[in-house]
Structures are given as C-alpha cells and as structure tokens.
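Notes follow the structure.
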Amino acid sequence: MEIKKNNTTKKWLIGCGIGCGVVIILVVFLVVGGVIFVKNMANSFEESEDILNDLTEKYGEIEDYCPSPSGFIESGRMEAFVKIRELVKPLADELKKSIDFLSAEGDGRKGENKREKESAGIFKKIREGVGLFPKIAEFLKERNQVLLEVGMGIGEYYYIYTMAYYCWLDKPLTDGLPININKDSDFDYQYWEDEETIEIRQDLAVRRLHNMILPMLKNQYSGLLENSDLDISEDWKNALEREIKLMERNRYRLVWQDGLPEEIQASLEPYRDCLESGYISSINSIEFMIEPK
C-alpha cells in the first residue's frame, strides 16, 4: 500500500516545480526523515485521483474526448468552462500566493539587517513550503470535483484550455513553477532559469500537449466523416485534415501553431475578457499534472 501511495504522489507531481524555500524544506525532510509528511501528502493526492477516476469513468480518458466535428465550441460548453474557472479561482488565488512567495527574491537590503531578514525569510518559506503540496492537492481535488458537478470531462477541459490560452491568447507553455520535479527519478529537482532548460521545458510541454490533442483531432475528423449530412465547410474539413498530418509528421508541433481556424476563434471571442481574467500563470503547469495514459 505504501508503494502505491508513493507512485500516486510521483504521478501527480509531473511537471510541478517550486521555489527555493521548498527545496530547503524538502532537503531538511529528506535528511531528518519526513515519513509522516510524505504519507499525508500521498493521501491528499490519492483523494484527487479518486475523483479523477470518477471523471474518467463518466467521460473517458483524456484522449477519448471528441471536439465538435463542426469545429465550433458550443456556447454552453464555453460557459461551463468559464464557470469552472470562476468556481476554482479562490483556491487558485491562494495557491498563487504561496507560489509567488516561494519564488520571490529578497528585499535587497545590505549588512547584518539583510542577513537577519534573509534568515527570517527562509523560515517563512519553509513554513509556506510545508503547506504547498497539500494546497496543490486541494486545488486539483476541488477542480476535478467542480468538473464533475458542472458536467465536463478532463479531456474537454484540457482541449478548451489549450485552444483558449495557448493557441489563441498566446500564453507561454512554460508558465508555472520555476523548478521541475522529474517523475522519472526520485526527487530530481531541476531549475528552470537558463535559456537551455526553458527550451527543454517548452519541448516537454509541447510533447505533452501533442500526445493529448492529436488523438482528439483524429476523433474530431472521424466524427466529421461519420456525419456527412452536417453543413460543414470544405475549408474547415481541409484545415483539420492538414493539421492532423502536420502533427503526425512533427511531434514537437503545437496544435494550430500557424493560426486558429475561424470556427474556433469565433467560439472563443465572446469570452475573451473572462478567459483573460481567469488565467493564472503561476499555476499553469499544475493544471496539466495529469497525463494521457
């Protein structure tokens, strides 16, 4: 059972990163043996995964989602997405405060007073760092619970999020926490500050989205072919077919990176202000802590 909890925690920490204060607390906890902390953290993430399992049972896996064959995102689905963002915003704001505090630099004062301030700041960051992972777990649990209540699968949520923020509003894929926790090794902390590592993070983010979105586009195209009686423009059909082929040839291609089709843009435009105000760069990477199987 303990092994299962540890694996669950690692899976939920994919793509997650933290500020220097949390690195300190994690080092301390590794040295002194923070077994209880890890166990509680695993329990928190297991609750999130239980709700995710309910979502998956109801709506299928992430890559099972099929966008509308017409290319348009129905207004009802956009309103559901905006509602979800509004309902989780209080928790998202709390999480943002913690991340911003942990990522902040010192106040720049000199001398002994500066050292005292830095020492006090380290302990504050340690205290804040202890509570960060439970806040992440609580945010994900709440978001997934809201998805269930509003009636939206995680695949559809990721599809609209991608179309709105990455493809339309040009939000950076690398937005999020400044340190990555690598799932492929035990607690491998990687700083994301220099140009080379930011490029690596960009590539990883594109690959993840590629793995999520390409199957959705294929589902969409299949639905288009199966519903030949629908009034669908030839331009849209050709654009979708071309995008699928381009993504199949290039695993580092961001979906619709040459520009969104007008069908998708027209669906998003009425919600521009809500989408802009609902975006929180600090927790962007946390949003995508679930990967397709």
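None of Ala164, Ala137 is among the hydrophobic types (A, V, I, L, M, F, W, C), surrounded by 22 or more Cβ atoms within 10 Å (Cβ to Cβ) and modelled with pLDDT of 90 or more except Ala164.
Condition first: modelled with pLDDT of 50 or more and among the hydroxyl-bearing types (Ser, Thr, Tyr). Can you find one or more residues in the range 9-24 that meet it? The answer is no; no qualifying residue exists.
Taking the range 237-255 as the region of interest, how many residues are within 28 Å of the chain's Cα centre (by Cα) and in a helix (DSSP H, G or I)? Steps first, answer last, please.
Step one: list which residues in the range 237-255 are within 28 Å of the chain's Cα centre (by Cα), which gives 239-255.
Among the residues that remain, those that are also in a helix (DSSP H, G or I) are: 239-249.
So the answer is 11.
Under the condition of being buried (at least 17 other Cβ atoms within 10 Å of the Cβ) and either charged (D, E, K, R) or over 24 Å from Asp273 (Cα atoms) (or both), the residues counted in the range 77-95 number 2. Of the residues screened, Leu95 is one that is touching a residue at least 12 places away in the same chain (Cβ under 8 Å), closer than 15 Å to Glu287 by Cα and touching a Ser or Thr at 6+ places or on another chain (Cβ under 8 Å). Since Ile198 meets every condition but one in (1) surrounded by fewer than 17 Cβ atoms within 10 Å (Cβ to Cβ); (2) among the β-branched types (Val, Ile, Thr); (3) at pLDDT 95 or above, which condition does it not meet? Of everything listed in (1) surrounded by fewer than 17 Cβ atoms within 10 Å (Cβ to Cβ); (2) among the β-branched types (Val, Ile, Thr); (3) at pLDDT 95 or above, Ile198 misses just condition (3).
Out of the residues in the range 261-282 meeting the condition of being aliphatic (A, V, I, L, M) and assigned to a helix (DSSP H, G or I), tell me which one is nearest to Ser70 (Cα to Cα).
Of everything passing the filter in the range 261-282, Ile264 is nearest to Ser70 (Cα to Cα).
In the condition set (1) within 25 Å of Thr56 (Cα to Cα); (2) modelled with pLDDT of 90 or more; (3) not in a helix (DSSP H, G or I), Glu156 is compliant with all but (3). When Met78, Met1, Met41 are checked against the criterion of being more than 30 Å from Glu263 (Cα to Cα) and at pLDDT 50 or above, a single residue qualifies: Met41. Filtered by the rule that a residue be aromatic (Phe, Trp, Tyr) and modelled with pLDDT of 95 or more, the range 248-278 gives Trp256, Tyr271. Against the test of being modelled with pLDDT under 95, aromatic (Phe, Trp, Tyr) and either assigned to a loop (DSSP other than H, G, I, E, B) or over 17 Å from the mean Cα position of the chain (by Cα) (or both), the options Tyr189, Tyr221 yield a single qualifying residue, Tyr189.
Per the conditions (1) at pLDDT 80 or above; (2) touching a Gly at 6+ places or on another chain (Cβ under 9 Å); (3) crowded, with 16+ Cβ neighbours inside 10 Å, the sole criterion not satisfied by Ser233 is (3). Whether a residue is modelled with pLDDT under 85 and assigned to a loop (DSSP other than H, G, I, E, B) was assessed, and Ile290 passes this test.
Could you please let me know if Leu209 is at pLDDT below 95, surrounded by 12 or more Cβ atoms within 10 Å (Cβ to Cβ), farther than 23 Å from Leu173 by Cα and in contact with a helix residue (DSSP H, G or I) (Cβ under 8 Å, 6 or more places away or on another chain)?
So Leu209 fails the test.
Within the range 168-186, the residues that satisfy the criterion of being part of a loop (DSSP other than H, G, I, E, B), modelled with pLDDT of 50 or more and not β-branched (Val, Ile, Thr) are Leu169, Asp170, Lys171, Pro172, Leu173, Asp175, Gly176, Leu177, Pro178. Just one residue in the set Asp258, Asp203 is over 14 Å from Pro67 (Cβ atoms) and part of a helix (DSSP H, G or I); that residue is Asp203.
The values are calculated or read from the model by the stated rules, or taken from the named source; none is laboratory data. The shown structure was predicted, so the numbers you read here are calculated from the model rather than taken from an experiment. Every residue, glycine as well, gets a Cβ built from its backbone with ideal geometry; the counts of neighbours run over all protein chains shown.
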